[in-house]
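What follows is one structure encoded as structure tokens, with my remarks underneath.
Computed from the coordinates by the stated procedures, all read-outs in this text should not be read as laboratory data. What you are looking at is a predicted structure, and each value in this text was computed from that prediction instead of being measured. With ideal geometry, Cβ positions are generated from the backbone for all residues, glycine too; neighbour counts draw on all protein chains shown.
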Amino acid sequence: MSTTFDTASTYPASTASPTSASAPAGPAGPAVLGTELRREAVAPRAPWSARIPAGQVLTIVDRDGNQAVDFLAYDAEDTARAYSVQATLQGQQSVYLTAGSVLRTNEYDPLMTVIATDVERHDTLGGACSKESNTLRYGHHTWSQHGCADNFLAELSHYGMGKRDQVSNINWFMNVPVDPDGALGIVDGISAPGLSVSLRAERDTLVIVSNCPQVNNPCNGFDPSRTEMIISSGADGTTGASGTTGFQIQEG
């Protein structure tokens, strides 16, 4: 069954007067977010997308706590230039993202910069859940479960993109420790209700999000919950148009 929601009517934008805000401190002090331009809630298990003009800031809020947010990013003018985990990790020499981390394309160009985060670190290695990975990890009874790969493909299709365009993803708020022997684990999250991460677009950036539907491991506390997306003008007051599409929840 597929249910379509109009994000504008289901989750109206904030009616508060536009204000200037600062995010938690980054490496060089508090990050200026600028004027809030739009605010949208994303339902549990749902996709979301937006084009973020250069200079604007996207803030992702973990509304209810312990919710992983899977994330893809592309140069909006040339989507072949996409977020590259290899280039990003090579550039910062760390497998985790934190304040000051720069998301880089496969051409090593900067896409977005993490200007503030309430959470110590974010995952780059855990990947996106899918029917195939769920079946391999948790058994054939999970085949019908909705996954982040489904959300990504549904949202990419709005931009004329498909499976070949899906690149490695980031998992905001997800806790994936790396053991000394290189083994990865997906364990209880280190986020909490209301914590957030803010990213400044270094070029016009297409962002694709899956509000992770995983129920077989602790990445969502076994109970997927809401997130919130806030787009702000940034320090230079950039207010170029940024659009989002409606989203779908698909239930197995």
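Add +1 for every Lys or Arg and -1 for every Asp or Glu among the other residues with Cβ under 9 Å from the Cβ of LEU111, and state the total.
0
Shape of the range 68-124 from its Cα gyration tensor (a ≥ b ≥ c, root eigenvalues): rounded if a/c is under 1.5, otherwise prolate when a/b > b/c, or oblate?
prolate
For every other residue with a beta carbon closer than 11 angstrom to the beta carbon of ASP62, add +1 if it is Lys or Arg and -1 if Asp or Glu, then tell me the sum.
-1
Is the C-alpha gyration tensor of the range 26-115 telling us rounded, prolate or oblate? Criteria: a/c under 1.5 is rounded; beyond that, a/b larger than b/c is prolate, otherwise oblate.
rounded
Can you give the extra length, in nm with one decimal, that the chain gains between THR98 and ILE190 once fully stretched, where that is 0.36 nm per residue apart less the Cα-Cα distance?
31.8 nm
Quick one: net charge of ARG203's neighbours, Cβ under 15 Å, K/R +1, D/E -1?
Taking every other residue near ARG203 into account, the sum is -4.
What ranking do 61-74, 177-190, 95-108 get when scored by the average of other Cβ atoms within 10 Å per residue, highest first?
The densest-packed peptide leads the list: 61-74, 95-108, 177-190.
Need the full-extension length gain, GLU107 to LYS131, defined as separation in residues times 0.36 nm minus the C-alpha distance. One decimal, nm.
5.6 nm
Please give, to one decimal in nm, the separation of the simple spin-label points placed at ARG38 and ALA80, each 7 Å out from Cα toward the Cβ.
Taking the simple label geometry, ARG38 and ALA80 are separated by 2.9 nm.
Compute the distance from the alpha-carbon center of the range 104-133 to that of the range 150-182, in whole Å.
A separation of 8 Å, based on Cα centres.
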